[in-house]
Amino acid sequence: MTVSRRTVLAAGAVAPLAASAGLAQGDGGSNAARFSLGYAPHEGSFASRGGLLEQIAYAADQGFTAWEDNEARSRPVAEQQRMAKALQQRGMAMGVFVASMPKWSQSRPLLGANDGAEREAFLADVRSAIDVAKRLNATRMTVVTGFMDPKVPVEIQTARVIDVMRRAGDIVAPHGIAMVMEPLNTRTNHPGVYMQSIAQGYAVARGANSPGVKILADLYHEQIQSGNLIPVMDACWSEIGYIQFGDNPGRNEPGTGEIHYANIVRWLRQRRYAGVIGMEHGNSVKGRAGEDRLIAAYREIDAQ
C-alpha cells in the first residue's frame, strides 16, 4: 500500500516475556523500573531518540519489555537481524508483524470470493512469513481476513474464510507460530472489511480449530465497532492470542479518550495475561513532550 498503517499512526498460545521485577539497565538511560505487563512500543513512539535501534534502546531504558513492528516483513533481512539482536540483548520480546498486508486502496483480498486465487496468494504470504518470524523470534503475526465480497452471501464467505484460515494454521502451527486475525472497525477506519469484531473472530477461530489461528484483540477497533470490551474478551478469551491498546477517539495513548484502560489492565492481571500488548496508536502530543506523556500514561495504568 502507499501509506502504511504505522505511518498513519505516527502522524496523529501467548508469547512469554522477559519481564521481571527490577531495573531496565541501559547505557545513559533512565534505569526505570520495568513495566509489569508487556507493553510494546513501535518505531515512531520515541522518534526524537533516533532511528529504530536507538528507539528500541530508549524504550528498554524506560522499562518496556516488548516491541512490535507491523512493517518488519518489508525491512531488509539485515535490518530484521539487527532488530532481533537488539531486542535479544535488551531482554525484550518481539510482538507482531503483518504477515500478509492487504491492498487497502483496492479493498483486497476477497478471501470469501468464488475465485480461490486470492486465498492461494494469502497462503503463499503466510508460508513466506515463517522465515521472517523465525528471524525476529516472533511467535505471533498479524493477518487481516480481507474484505467483503458483495456478490457472495456472507455465510458462504465465512465458510471460505474458516477453510483458508484452517489451511494457514496447518502451515504455521508446526513452527510454534500463531496467526492473529485482526478485526477492524468499519465506522472510522476500514469500511468494507470482512472481520469487524472480536466475536466474529471467535467464530472463525473456533471453526478453524487450530493452535495457529487466534484473534488479535485491538481494543481501539473493538470500542468503535462494538464496545463492551471486558465481557467480550472474557467470552472469547480462549481464542485471543494478542492484544493491542489505543484510546478512542483519536487512537492515541491511554487517557486521551473514553476507554478506561486502568480497568482493562486490572482485568488482564486477573487473567494472568503474560503476553505482549501492542501500543498500536500514536502520541497525542508531538515531539519529546509527547514521548514523556506516553510513558507517563503507561506508568499510570500499570500502577493500578
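Read-outs: derived from the displayed coordinates by stated rules, not from any lab. Bear in mind the structure is a predicted one, so any value in this text is a computation, not a measurement. We place every Cβ from the backbone using ideal geometry, glycine too, and count neighbours over all the protein chains shown.
A few notes on this one:
- In the chain, helices alone account for a calculated mean residue ellipticity at 222 nm of -12500 deg cm²/dmol, with every DSSP H run of four or more residues adding -39,500 (n - 2.57).
- Taken about its Cα centre, the chain carries a charge dipole of roughly 340 debye when the Cβ of each Lys and Arg holds +1 and the Cβ of each Asp and Glu holds -1.
- Positive minus negative residues near A262 (Lys, Arg vs Asp, Glu; Cβ under 14 Å): -2
- When the pairs K134/K286; K85/K134; K103/K151 are compared against a 24 Å limit on Cα-Cα distance, K134/K286 fall above it.
- The Cα center of segment 230-304 and the Cα center of segment 88-160 differ in position by 24 Å.
- Cα gyration tensor, segment 126-275 - rounded (a/c under 1.5), prolate or oblate: oblate
- Dipole orientation for the chain: of the candidates L123, Q225, G257, L123 has the Cα lying most toward the positive pole (charges on Cβ; Lys, Arg +1; Asp, Glu -1).
- Put a dot 7 Å past the Cα of L53, heading toward its Cβ, do the same for D170, and the two dots end up 4.2 nm apart.
- Highest-first arrangement of 44-51, 285-292, where packing means the average Cβ count within 10 Å: 44-51, 285-292
- Ordering of 213-226, 144-157 by packing [mean C-beta count within 10 Å, highest first]: 213-226, 144-157
- Taking 0.36 nm per residue of separation and subtracting the Cα-Cα distance, full extension of the segment from K151 to I230 would add 24.9 nm.
- Range of Cα positions in segment 5-302 per principal axis (Å), largest first: 57, 41, 35
- For the pair S107 and R288 in one chain, pulling the backbone fully straight at 0.36 nm per residue adds 61.5 nm over the alpha carbon distance.
- Summarising the strand pairing of segment 5-302, around 10 percent of its internal DSSP beta bridges are antiparallel.
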